[in-house]
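The values are calculated or read from the model by the stated rules, or taken from the named source; none is laboratory data. Owing to the predicted nature of the structure, the values given are computational and were not obtained by experimental measurement. Here the Cβ positions follow ideal geometry from the backbone for every residue, glycine too, while neighbour counts run over all protein chains shown.
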Amino acid sequence: MSQPWQALEQLNDVATSHLSWRLMLGEAFESHCDLLVPINPHRNKYRVISTPHLSDSYYQGASGSAWYLFANPNVLPAFEIVFLNGRRTPVIERVEMPANTLGMGFRSYIDFGVNSQDPRAAVKVTGE
């Protein structure tokens, strides 16, 4: 794990001592991470986030051995999420139901976009 840490600590204009890192890994690694924490030299430098999506073959590029290290998004964001007209909540509208159906109908939508912000804020380790 030292190589990704060294890559992120090369940030020139951000004091890395003020960053709280996030370690994102697949569910398969979660139990192993608890075993490594006591002997890990980077203990308490990151918060572990486990997600099943990293190893789900439904997603293109998914890998059971890859993991990511992200900087605190409040200090150095890796991604930017924007909302149409600044609206951060979904729009919920009532719709008419067919005459042969009892009840009320609703539809919901939200307009947003995601863009990469700062490539220095994230490191992917393939684990191979």
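Looking only at residues of the range 79-92 that are among the aliphatic types (A, V, I, L, M) and under 26 Å from Gly61 (Cβ atoms), we find that the one that is surrounded by the fewest Cβ atoms within 10 Å (Cβ to Cβ) is Val82. Summed over the range 63-96, residues that are part of a loop (DSSP other than H, G, I, E, B) and under 14 Å from the mean Cα position of the chain (by Cα) total 8. Taking each residue of the range 49-76 that is exposed (fewer than 12 other Cβ atoms within 10 Å of the Cβ) and looking for partners that are of a type outside the set (Ser, Thr, Tyr) with beta-carbon atoms closer than 8 Å, six or more apart or interchain, yields Pro52/Gly26; Pro52/Glu27; His53/Ala62; Tyr59/His53.
Here Arg47 fulfils each of the conditions (1) at pLDDT below 85; (2) farther than 17 Å from Gly127 by Cα; (3) out of contact with any Leu (no Cβ under 8 Å at 6 or more places or on another chain) apart from (3). Output the residues belonging to the range 93-128 that are among the hydrophobic types (A, V, I, L, M, F, W, C), surrounded by 10 or more Cβ atoms within 10 Å (Cβ to Cβ), more than 21 Å from Leu54 (Cα to Cα) and in contact with a Phe, Trp or Tyr (Cβ under 9 Å, 6 or more places away or on another chain). Matches in the range 93-128: Ile110, Phe112.
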